[in-house]
1. Looking at the stretch 48-61, which of the residues that are surrounded by 13 or more Cβ atoms within 10 Å (Cβ to Cβ) and under 12 Å from the mean Cα position of the chain (by Cα) is modelled with the lowest pLDDT?
2. Under the condition of being touching a residue at least 24 places away in the same chain (Cβ under 8 Å) and out of contact with any strand residue (DSSP E or B) (no Cβ under 9 Å at 6 or more places or on another chain), which residue from the stretch 7-47 is most open to solvent (accessible area, probe 1.4 Å)?
3. I need the full set of residues from the stretch 20-30 which are under 8 Å from the mean Cα position of the chain (by Cα) and modelled with pLDDT of 95 or more, in order please.
Amino acid sequence: MADNHGNPSIKCSVRSCAYHTGKTDMCTLNAIQVGCTQNNVAKCDCTECASFKLGDHGTSCDCH
């Protein structure tokens, strides 16, 4: 895991994630894993950040 300053190469607006910086909308990880939610990936909706970990920021996505 990177420091709390965030990785400027990984933008993130999911504030409920444990790796979200909070102030700068960046991820604190050095890299993320992107995964699929279905066998046939044809749309963005079929992918997810497989590195997501629910943090103590609450359970709401609060995406913007």
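1. If we filter the stretch 48-61 for residues that are surrounded by 13 or more Cβ atoms within 10 Å (Cβ to Cβ), which is where we start, we get 48-49, 51-52, 55, 57.
From what is left, the residues that are under 12 Å from the mean Cα position of the chain (by Cα) are 48-49, 51-52, 55.
Numbers: E48: 94, C49: 94, S51: 96, F52: 95, G55: 89.
Selected residue: G55.
2. If we take residues in the stretch 7-47 being touching a residue at least 24 places away in the same chain (Cβ under 8 Å) and out of contact with any strand residue (DSSP E or B) (no Cβ under 9 Å at 6 or more places or on another chain), then R15 is most open to solvent (accessible area, probe 1.4 Å).
3. From the stretch 20-30, those under 8 Å from the mean Cα position of the chain (by Cα) are 20, 27; that's our starting set.
Passing the criteria: only C27.
The values are calculated or read from the model by the stated rules, or taken from the named source; none is laboratory data. On a predicted model such as this, the values are computed, not experimentally measured, just so you know. Glycine gets a Cβ as well: all are built from the backbone with ideal geometry, and neighbour counts include every protein chain shown. Note: accessible area is taken over every heavy atom of the protein model, side chains too, but ligands, DNA and RNA are not part of it. Shrake-Rupley method; radii C 1.70, N 1.55, O 1.52, S 1.80 Å.
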